[in-house]
Structure formats: C-alpha cells, structure tokens
1. Give me the residue from region 162-183 that is more than 30 Å from the chain's Cα centre (by Cα) and within 10 Å of the ligand (Cβ to nearest atom) and, out of that set, modelled with the lowest pLDDT.
2. I need the full set of residues from region 97-128 which are assigned to a helix (DSSP H, G or I), at pLDDT 95 or above and charged (D, E, K, R), in order please.
3. What residue, of PHE199, PHE148, PHE138, is under 17 Å from the mean Cα position of the chain (by Cα), surrounded by 15 or more Cβ atoms within 10 Å (Cβ to Cβ) and not in a helix (DSSP H, G or I)?
4. State which residue pairs qualify: first residue β-branched (Val, Ile, Thr) and inside region 152-166, second residue part of a loop (DSSP other than H, G, I, E, B) and near the ligand (Cβ under 7 Å from one of its atoms) in any location, beta carbons under 9 Å apart, and separation of 6 or more residues or different chains.
5. Taking the condition modelled with pLDDT under 95 and not β-branched (Val, Ile, Thr), does GLU238 pass?
6. For VAL205, all conditions in the list (1) farther than 14 Å from PHE138 by Cβ; (2) assigned to a helix (DSSP H, G or I); (3) out of contact with any Asp or Glu (no Cβ under 7 Å at 6 or more places or on another chain) hold save one; what is the number of the exception?
7. So which of MET157, MET112, MET190 ends up being farther than 23 Å from GLY222 by Cα and away from the ligand (no atom under 16 Å from the Cβ)?
8. Only one residue in SER42, SER64, SER90 is surrounded by 18 or more Cβ atoms within 10 Å (Cβ to Cβ) and polar (S, T, N, Q). Which one?
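The values are calculated or read from the model by the stated rules, or taken from the named source; none is laboratory data. These figures come from a predicted structure and were not determined experimentally. Neighbour counts run over all protein chains shown; Cβ positions are idealised from the backbone, glycine included.
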Amino acid sequence: MERVTVRGLNVRETETGDYDKIITLVTAEYGKMTVTAKGVKSLKNKNMPACQPFAYSNYVLKKSKKFWYVEEAETIEIFYGLREDLDKFSLAAYICDVLCDVSIENAPDPEMLRLTLNSLYATANRGREELSKIKAAFEIRAAATIGFLPVLSECDMCGCDVKADVYLDVMNGRLLCPDCKPRAEKEEAMIEGTARLYFIITLPVLMAMRYIISCPQEKLLGFSLSEDDMYILSKVCEAYLINHLEHTFTTLEFYKSILI
Ligand SMILES: [Zn+2]
C-alpha cells in the first residue's frame with residue numbers, strides 16, 4: 001500500500017456519514033489532495049484536531065484503490081484566534097478558498113502556500129482593525145504569485161514616471177497616466193469583447209502596492225496608509241484578484257456582508 005508523509009493546510013471539508021469527513025489539503029509536496037479522514041468527527045479521535053478547518057498539520061496518508069486516507073495526523077498550527085471571531089473566521093475562509101481555487105494536484109506552489117499561512121497567522125493574531133490590510137495585501141500578492149504580476153513602474157504607454165494620481169488598468173495589469181488613459185480607452189474600445197476596468201489610485205496607494213508585490217513575504221504588512229487610501233487599496237486589490245480569477249467567492253461575499 002502506498003504511503004506518504006505530507007505537510008498540508010486543510011482548506012475545505014465535506015462531511016460524509018456520522019463520523020467521517022472528506023478534506024481538501026493543499027500540501028507543500030503534492031499540491032492539492034483530496035483525502036478521506038475516518039472517525040474525525042468524534043472528539044475522542046486522535047486525528048480530530050488536525051482535521052479541523054484551517055489546521056496546518058503533518059499527515060501520514062495511505063492510498064487504497066485510488067483514494068487517499070488519513071492514517072495519522074499531528075497539528076503544527078491551528079490558528080486558534082480564527083475561531084474566536086466571526087470576521088476573522090470569514091476572512092480566513094475566503095483566503096483558504098482562494099488557495100484551494102488556484103491549487104492543482106501534483107503541482108505544488110510553496111510560495112502561495114506560505115503566503116496563505118502567513119496571512120492566516122496575521123488574521124488570527126492581529127487586531128480586527130487590520131483585517132482590511134491583511135486581505136488587500138494577500139489579494140494583490142496572491143495575484144502576483146500565481147502569474148498576474150502588475151507592472152507598476154511607469155505609465156505603460158508613454159513611459160513617464162507617475163508622480164500623482166494614476167489609473168490602474170486592471171485587466172492588463174498596467175499603469176496609465178491621465179494623459180494616456182483616453183487614448184488607451186479609445187484603442188481598447190475598438191477591440192470587441194474586451195473587458196475594461198480602470199481604477200484611479202493615489203500615489204500612496206501605488207507605493208503600497210509596489211511594496212506589497214516586492215517585499216520579503218514576512219514583511220507583507222510593513223506599510224501604512226490613511227483610512228481613505230486603505231479604502232482605495234482594498235477595492236483595487238480585491239477587484240484585481242477577482243477579475244483575474246474570473247469569478248468571485250461565496251466566502252468573500254459573506255465576509256463583506258457581515259462587515260456592513
Ligand atoms: Zn502616459
């Protein structure tokens with residue numbers, strides 16, 4: 001019987017039967033894996049803690065007739081703070097949904113897994129007032145990590161250094177200065193079926209975005225913005241990720257609904 005040891009994050013689960021769950025793990029070794037965890041709905045089961053939502057654990061998995069089963073599991077981090085607060089729990093659910101969505105079987109992406117773990121850790125341990133910041137930083141860095149890196153160095157059409165408010169062309173991942181934006185719009189209007197989405201962003205927001213996509217991952221939250229600029233950053237980062245993934249998430253809509 002095939003057996004593997006993996007380190008993975010439980011990003012999704014489906015209850016099956018009275019005691020069992022099917023869980024989706026995103027692992028550093030094999031990417032996304034769907035595994036059956038028998039008996040883990042019983043509080044007495046030794047593998048129960050490691051099979052809870054958001055648990056990051058070492059798992060020993062065995063394969064039988066094409067299906068993986070949890071044989072042993074030991075938690076590394078359960079992000080306890082996520083379970084105390086509905087806003088935090090909901091943001092964590094969205095973050096895990098994004099990871100699950102972009103993960104593929106047998107194609108590990110350690111960078112994206114690490115970003116998710118760092119973001120869950122910050123969500124669990126920082127104050128609620130920082131949730132918007134954590135969410136925005138996760139979204140734009142995730143987009144950059146999975147291949148949608150925006151080019152934020154200069155206006156994409158004239159090459160000028162942007163020194164004031166500037167447009168982010170979301171779908172093309174580029175900047176446009178106010179002089180070039182009308183020309184870009186005209187050109188894109190000629191191509192039928194092209195989706196267009198522009199956000200005007202302030203210089204502090206642009207600086208924050210540049211920082212987030214290029215800083216060492218452990219310093220992801222090392223920037224500060226005024227309340228107004230943080231609002232713009234939140235809108236832009238969410239739109240950027242969602243439009244490049246081409247769908248929203250029910251967990252994102254739920255998270256936003258409880259903030260109102
Ligand atoms: Zn320009």
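1. Among residues in region 162-183 that are more than 30 Å from the chain's Cα centre (by Cα) and within 10 Å of the ligand (Cβ to nearest atom), the one modelled with the lowest pLDDT is ARG183.
2. First pass over region 97-128, keeping only residues assigned to a helix (DSSP H, G or I): 97-102, 110-125, 128.
Next, from what is left, pick out any that are at pLDDT 95 or above: 97-102, 110-125.
Hits for region 97-128 are ASP97, ASP101, GLU111, ARG114.
3. On the way: PHE199 fails: under 17 Å from the mean Cα position of the chain (by Cα); PHE138 fails: not in a helix (DSSP H, G or I).
Just a single option satisfies the conditions, and that option is PHE148.
4. Going by the 9 Å Cβ cut-off, the qualifying pairs are VAL162/CYS177; VAL166/CYS177.
5. Values: modelled with pLDDT under 95: no; not β-branched (Val, Ile, Thr): yes.
Against the criterion (modelled with pLDDT under 95 and not β-branched (Val, Ile, Thr)), GLU238 does not qualify.
6. Every listed condition holds for VAL205 apart from (3).
7. On the way: MET157 fails: away from the ligand (no atom under 16 Å from the Cβ); MET112 fails: farther than 23 Å from GLY222 by Cα.
Residue meeting the stated conditions: MET190.
8. Values: SER42 fails: surrounded by 18 or more Cβ atoms within 10 Å (Cβ to Cβ); SER64 fails: surrounded by 18 or more Cβ atoms within 10 Å (Cβ to Cβ).
Of the residues listed, the single one that is surrounded by 18 or more Cβ atoms within 10 Å (Cβ to Cβ) and polar (S, T, N, Q) is SER90.
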